[in-house]
1. Of the beta bridges DSSP finds with both residues in the chain, what % are antiparallel, to the nearest 5?
2. Between region 407-439 and region 258-329, what is the separation of their alpha carbon centroids in Å?
3. Among 431-441, 151-161, what's the highest-first ranking by average C-beta atoms within 10 angstrom per residue?
4. How large is the translational diffusion coefficient of region 1-150 in µm² per second when you combine the Kirkwood radius over alpha carbon pairs with Stokes-Einstein at 37 °C and 0.692 mPa s?
5. Put a dot 7 Å past each Cα toward the Cβ at residue 263 and residue 363; how far apart are the dots in nm?
6. With an 8 Å Cα cut-off and a minimum separation of 6 or more residues, compute the relative contact order for region 74-181 in percent.
7. Can you tell me which of 38-44, 362-368 comes out highest on packing, and rank the rest after it, using the mean Cβ neighbours within 10 Å?
8. Can you tell me the length gained on complete extension of the stretch residue 396 to residue 275, counting 0.36 nm per residue apart and subtracting the Cα distance?
Ligand code: GLU
């Protein structure tokens with residue numbers, strides 16, 4: 001089946017719940033989702049948790065939650081259900097067991113009693129001889145006596161799939177084109193069931209992809225070496241394999257594969273959530289991580305991504321992860337949302353500070369604050385930082401602001417302002433405009449001579465967002481305090 005030919009395609013994202021949703025995994029999920037939606041097919045979420053030692057509590061739930069947050073919704077799968085369930089590997093052990101028996105009946109699997117130490121020693125010898133590492137097949141032909149001896153020793157066998165010595169595997173990858181794996185690249189007979197009786201990923205994935213009628217497997221390039229083994233299993237079962245597409249790696253700025261352990265980069269979706277990134281920005285960014293819609297446009301809607309997506313325009317070389325571009329993109333999406341829409345997402349960054357301000361309507365205050373600053377930030381967590389002059393109790397006075405305030409004329413303007421502000425009742429932006437006009441006519445100062453001293457006294461800076469709105473957000477109490485301090489610092493106590 002070629003890309004684009006098929007209606008009713010079925011794709012899946014199948015994370016192992018061993019950690020947090022990484023941008024690489026989210027990109028894989030997104031490519032599967034976009035491909036399925038582009039072809040009017042289904043996208044499935046399956047949890048592959050057969051590697052019991054590596055499973056992390058709550059990781060699967062967190063994956064699901066983060067995918068939903070990104071708007072990568074599945075049509076069937078874990079936490080949703082569907083006709084091909086269950087969608088969690090450890091709930092499918094009886095299904096795997098039946099299929100293990102099927103392979104046993106076909107005579108293509110056998111018990112292997114080799115211990116980890118013996119296998120490691122074998123590998124070392126092969127490497128010392130400069131040979132490709134592969135299982136020797138030593139347990140293929142155990143005599144009954146040898147087997148009995150192993151059992152007597154208490155050894156628990158693994159089950160291995162028999163790979164013919166001259167077996168090679170070819171397939172056409174939707175992204176990388178024709179692939180051929182020679183026998184030495186397959187690594188010899190491979191384990192399908194561990195000694196604890198649980199099948200390994202390479203076995204479970206084949207059974208699941210078949211029983212869930214998966215038509216296309218799109219996944220990271222790190223899985224390409226698994227593909228020949230999986231294809232051999234499809235062949236052994238007599239099943240048609242899905243079409244594979246292996247998406248190139250994500251590279252850091254140094255051109256090396258992104259390391260999940262590199263803490264200088266934010267790489268996990270929950271961290272981006274934490275920092276106040278918008279899901280649509282990450283969605284947009286991930287879709288362009290190795291794929292291009294053609295043309296210059298970098299901002300597309302979900303519908304446009306779905307309409308344009310195809311694996312033919314996935315780059316064959318690695319995709320550079322450009323965190324600055326993601327920040328820029330997030331800034332773009334922040335601009336396109338209203339302050340009221342952003343409030344639920346920004347609340348947790350602002351509310352802790354808002355508690356002490358005695359404003360009548362905290363939500364309205366936060367909306368005005370967001371509106372004033374949202375176009376200047378690349379993520380919502382920056383709001384209290386960028387707007388700190390309106391959040392803190394005091395504003396640190398910058399050098400040029402201090403110089404402006406160190407002037408008799410400026411202090412005189414502030415004196416008038418202070419006097420009028422004490423009795424001013426309308427603390428809205430329009431009210432502040434009227435107040436400043438009032439001060440202008442009484443003090444006989446306008447333009448810079450009026451606004452610089454006021455802004456310097458109130459915010460400690462000479463520049464900043466709209467002064468009327470800033471004053472309104474600070475409110476009467478804080479404005480009076482700050483003015484009082486500025487005038488006192490200029491060496492002249494305000495008249496009481
Ligand atoms: N469970 C695998 C992983 O988390 C995915 C395997 C696949 O897509 O075939 O990497």
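No value in this document is a laboratory result; all are computed from the given coordinates. The shown structure was predicted, so the numbers you read here are calculated from the model rather than taken from an experiment. Cβ atoms come from the backbone with ideal geometry, glycine included; neighbour counts cover every protein chain shown.
1. Once the DSSP bridges in the chain are tallied, antiparallel ones form about 55 percent.
2. 48 Å
3. 431-441, 151-161
4. The estimated diffusion coefficient comes to 174 µm²/s.
5. 3.9 nm
6. With pairs under 8 Å counted, the relative contact order is 24 percent.
7. So the order, starting with the most tightly packed, is 38-44, 362-368.
8. 41.0 nm
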